[in-house]
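The values are calculated or read from the model by the stated rules, or taken from the named source; none is laboratory data. This one's a predicted model, so the numbers in the text were calculated from it and none came from an experiment. Please note: Cβ atoms are built from the backbone with ideal geometry, for glycine as well, and neighbour counts cover all protein chains shown. With ligands, DNA and RNA removed, areas are computed over all heavy atoms of the protein, side chains included. Shrake-Rupley method; radii C 1.70, N 1.55, O 1.52, S 1.80 Å.
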Amino acid sequence: MGEQLRAQPAAPAGGPPPPAAAASSCSLLGGLLQNGFHPASQPLSNGGCGEAPHPLLLRPELPPLGHGSPAKKCRLRRRMDSGRRHRPPFPWFGMDIGGTLVKLVYFEPKDITAEEEQEEVENLKSIRKYLTSNTAYGKTGIRDVHLELKNLTMCGRKGNLHFIRFPSCAMHRFIQMGSEKNFSSLHTTLCATGGGAYKFEEDFRTIADLQLHKLDELDCLIQGLLYVDSVGFNGQPECYYFENPTDPEQCQKKPYCLDNPYPMLLVNIGSGVSILAVYSKDNYKRVTGSSFGHMMSKEKRDSISKEDLARATLVTITNNIGSIARMCALNENIDKVVFVGNFLRINMISMKVLAYAMDYWSKGQLKALFLEHEGYFGAVGALLELLKMTDDQ
């Protein structure tokens, strides 16, 4: 699906000197800035950091029909049918259509009964098989296997949550695929957030006969983040930080428990930057943000290697973001700063620079916190809204 995404720069500014180890890894930059995914997988279980379960996990399970009188079986059948009416029809998707990257989450049910298997229409089976049996779609569509959340219970169904991304320039091909697979016949609602939900709304309607339910981008970001952190990352914490960020030899990744997240400063770094002060799941404000950077003069660009120029630009941008975040945290009297967004995906340089910058400017008073599912929280929030919207009806 289109060409692979590269990290997009924001506005540069000065900052503290980078760690000594930064100069030794120029050759790594190309790989860090390109799309890709980690090959590692995680142990299988549900968990968190002592957080209360998300409300969607508390839905009671219906008992099996089993043995009993015809009247009892009929009552149980009515309860099961009522439960089905309060769920959206499969497939369950959430989409975040950004300026450069589309993020899609897909819930794969693993508790399908023999009866459901028999009743399931062929194009629904085809969609499930296509999404779950591939790790790549076209040239640049990627399923981030290492991020898969296993054995979740959502809206009373047990299954796995898959994370898929592709460049926004390939959106028309995605819409065309939805048309070819007769997606509209499944009578599902597509919940989407991000600027692309407005940009591509008409194309979804005219090409694929699909209506988009458009959602607030910042609401989805916060709700998705809180949900994923509450269920944990297959038994491991979702949140982490870098210990000893100013010492390159001792710097290492450590888990962090967001058991009391409020207030927090949430810095979302994608094609642009949004900085939010979050006081509760329903109380937040956008403090500030930024968009595109400027390169140095052509003469200077010609005198150095592309790798050195790219690293210098990346470090400058990241220092600028860290400086702004630190000032916002100070102004809002907030001591938790959480960085998310696809700019940070497999971008260890920027994560360590942010950790270093926050520690440097705050004199050790602030930690830069990061999350494993970086850029997918908006899509997760859209999926949660799909389930909530259907439940409220």
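Which residue out of 297, 274, 290, 323 is modelled with pLDDT under 80 and surrounded by 14 or more Cβ atoms within 10 Å (Cβ to Cβ)?
Just a single option satisfies the conditions, and that option is 290.
Which of the residues spanning the range 350-374 are over 20 Å from the mean Cα position of the chain (by Cα) and either in a strand (DSSP E or B) or aliphatic (A, V, I, L, M) (or both)?
Scanning the range 350-374 gives 353, 355, 357, 358, 366, 367.
Would you please name the residue that is nearest to residue 374 (Cα to Cα), looking only at residues in the range 156-201 that are touching a Lys or Arg at 6+ places or on another chain (Cβ under 8 Å) and among the basic types (Lys, Arg)?
Only one residue tops the list, namely 165.
For the structure I just gave you, tell me whether residue 379 is of a type outside the set (Val, Ile, Thr), in a helix (DSSP H, G or I), at pLDDT 90 or above and under 22 Å from residue 230 (Cα atoms).
In short, yes.
Does residue 164 satisfy the condition of being of a type outside the set (Gly, Ala, Ser), touching a strand residue (DSSP E or B) at 6+ places or on another chain (Cβ under 8 Å) and within 15 Å of residue 383 (Cβ to Cβ)?
When the stated conditions are applied, residue 164 passes them.
In the range 204-243, which residues are open to solvent by less than 40 Å² (accessible area, probe 1.4 Å), among the charged types (D, E, K, R) and part of a helix (DSSP H, G or I)?
Scanning the range 204-243 gives a single hit, 229.
Kindly provide the set of residues from the range 180-203 that are out of contact with any strand residue (DSSP E or B) (no Cβ under 7 Å at 6 or more places or on another chain), of a type in the set (Ser, Thr, Tyr) and in a loop (DSSP other than H, G, I, E, B), ordered by number.
188
Does residue 151 meet the test of being in contact (Cβ under 8 Å) with a residue 40 or more places away in the chain and within 18 Å of residue 89 (Cα to Cα)?
no
Among residues belonging to the range 244-260 that are of a type in the set (A, V, I, L, M, F, W, C) and open to solvent by 20 Å² or more (accessible area, probe 1.4 Å), point out the one that is nearest to the chain's Cα centre (by Cα).
Only one residue fits best here, namely 257.
Name the pairs whose Cβ atoms lie under 8 Å apart, with the first residue in the range 330-358 and at negative phi and open to solvent by less than 10 Å² (accessible area, probe 1.4 Å), the second assigned to a helix (DSSP H, G or I) and among the aromatic types (Phe, Trp, Tyr), and 6 or more positions between them or separate chains?
Final answer for the pair search is 340/377; 350/343.
Does residue 257 satisfy being modelled with pLDDT of 95 or more and either more than 22 Å from residue 333 (Cβ to Cβ) or among the hydrophobic types (A, V, I, L, M, F, W, C) (or both)?
Criteria not met by residue 257.
For the range 135-161, give me the residue count where each residue is over 17 Å from residue 383 (Cα atoms) and open to solvent by 50 Å² or more (accessible area, probe 1.4 Å).
5
Could you check how many residues of the range 92-120 are open to solvent by 50 Å² or more (accessible area, probe 1.4 Å) and within 26 Å of residue 201 (Cβ to Cβ)?
Summing the residues that are open to solvent by 50 Å² or more (accessible area, probe 1.4 Å) and within 26 Å of residue 201 (Cβ to Cβ) in the range 92-120 gives 1.
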